[in-house]
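K.L.:
Please see the structure below; I have some questions.
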């Protein structure tokens with residue numbers, strides 16, 4: 001039987017990350033990343049090292065250092081750092097691995113890719129339960145893209 005991917009889903013700005021971060025704070029043997037919004041700016045937070053890095057870049061940043069989506073300008077360097085942190089989780093003895101958030105960038109092969117594909121493809125060899133945060137408007141695209149049709153379940157964050 002294929003190991004299921006757990007999915008936290010809901011509308012944009014519905015508190016998915018905040019609720020999951022509160023739950024994660026009481027867990028042990030947990031790693032991965034969160035993408036919190038702090039003062040209207042996006043960041044990536046690495047759970048194990050408790051490191052927070054800015055994801056959004058200023059307008060003056062050089063084009064070769066950014067990824068654009070809509071009105072957002074994201075740091076390629078921060079995404080690369082986050083991918084390494086996620087891939088490092090594959091060799092750790094964890095109960096939980098969190099990937100927040102998988103969005104349009106990842107479905108286009110950017111952002112946290114190819115790390116997400118590597119983790120999903122290696123899930124049978126990972127001890128951790130893998131939790132992916134996906135906004136509901138792209139949930140079906142996510143399931144189709146990663147071919148998870150019979151190998152996922154919705155994860156309701158415990159209170």
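The values are calculated or read from the model by the stated rules, or taken from the named source; none is laboratory data. Since the structure is predicted, the reported quantities are computational estimates derived from the model, not experimental observations. No Cβ is skipped: glycine too gets one built from the backbone with ideal geometry, and neighbour counts run over all protein chains shown.
K.L.:
Would you check if residue 8 is touching a residue at least 40 places away in the same chain (Cβ under 8 Å), under 21 Å from residue 141 (Cβ atoms) and outside any loop (DSSP other than H, G, I, E, B)?
P.N.:
Values: touching a residue at least 40 places away in the same chain (Cβ under 8 Å): yes; under 21 Å from residue 141 (Cβ atoms): yes; outside any loop (DSSP other than H, G, I, E, B): yes.
The answer is yes for residue 8.
K.L.:
Still on this structure: For the subset of segment 36-46 comprising residues that are closer than 14 Å to residue 101 by Cβ and at pLDDT 95 or above, which member is surrounded by the fewest Cβ atoms within 10 Å (Cβ to Cβ)?
P.N.:
If we take residues in segment 36-46 being closer than 14 Å to residue 101 by Cβ and at pLDDT 95 or above, then 36 is surrounded by the fewest Cβ atoms within 10 Å (Cβ to Cβ).
K.L.:
Now for a separate question. Given (1) surrounded by fewer than 17 Cβ atoms within 10 Å (Cβ to Cβ); (2) under 23 Å from residue 126 (Cα atoms); (3) in contact with a strand residue (DSSP E or B) (Cβ under 8 Å, 6 or more places away or on another chain); (4) free of Cβ contacts under 8 Å to residues at least 60 places away in the same chain, where does residue 54 come up short, assuming only one miss?
P.N.:
The number of the failed condition is (2).
K.L.:
So how many residues does segment 1-17 have that are over 27 Å from residue 93 (Cβ atoms) and at pLDDT below 95?
P.N.:
The initial filter retains those residues of segment 1-17 that are over 27 Å from residue 93 (Cβ atoms), namely 9-15.
Next cut, at pLDDT below 95 only: 10-15.
Residues flagged as over 27 Å from residue 93 (Cβ atoms) and at pLDDT below 95 within segment 1-17 amount to 6.
K.L.:
Does residue 150 satisfy being over 24 Å from residue 27 (Cβ atoms), touching a strand residue (DSSP E or B) at 6+ places or on another chain (Cβ under 6 Å) and in a loop (DSSP other than H, G, I, E, B)? Spell out how you get there, then give the answer.
P.N.:
Numbers: over 24 Å from residue 27 (Cβ atoms): yes; touching a strand residue (DSSP E or B) at 6+ places or on another chain (Cβ under 6 Å): no; in a loop (DSSP other than H, G, I, E, B): yes.
Answer is no for this residue.
K.L.:
Among the listed residues 44, 33, identify the single one that is part of a strand (DSSP E or B), free of Cβ contacts under 8 Å to residues at least 60 places away in the same chain and closer than 24 Å to residue 139 by Cβ.
P.N.:
Result of the check over 44, 33: 44.
K.L.:
Let me ask another. Among 112, 105, which is the only one that is farther than 13 Å from residue 86 by Cβ, crowded, with 17+ Cβ neighbours inside 10 Å and touching a helix residue (DSSP H, G or I) at 6+ places or on another chain (Cβ under 9 Å)? Lay out the reasoning, then the answer.
P.N.:
On the way: 112 fails: farther than 13 Å from residue 86 by Cβ.
After ruling out the rest, the residue left standing is 105.
K.L.:
Among the numbered criteria (1) in contact (Cβ under 8 Å) with a residue 40 or more places away in the chain; (2) under 21 Å from residue 8 (Cβ atoms); (3) in a helix (DSSP H, G or I), which one does residue 157 miss?
P.N.:
All conditions are met except number (3).
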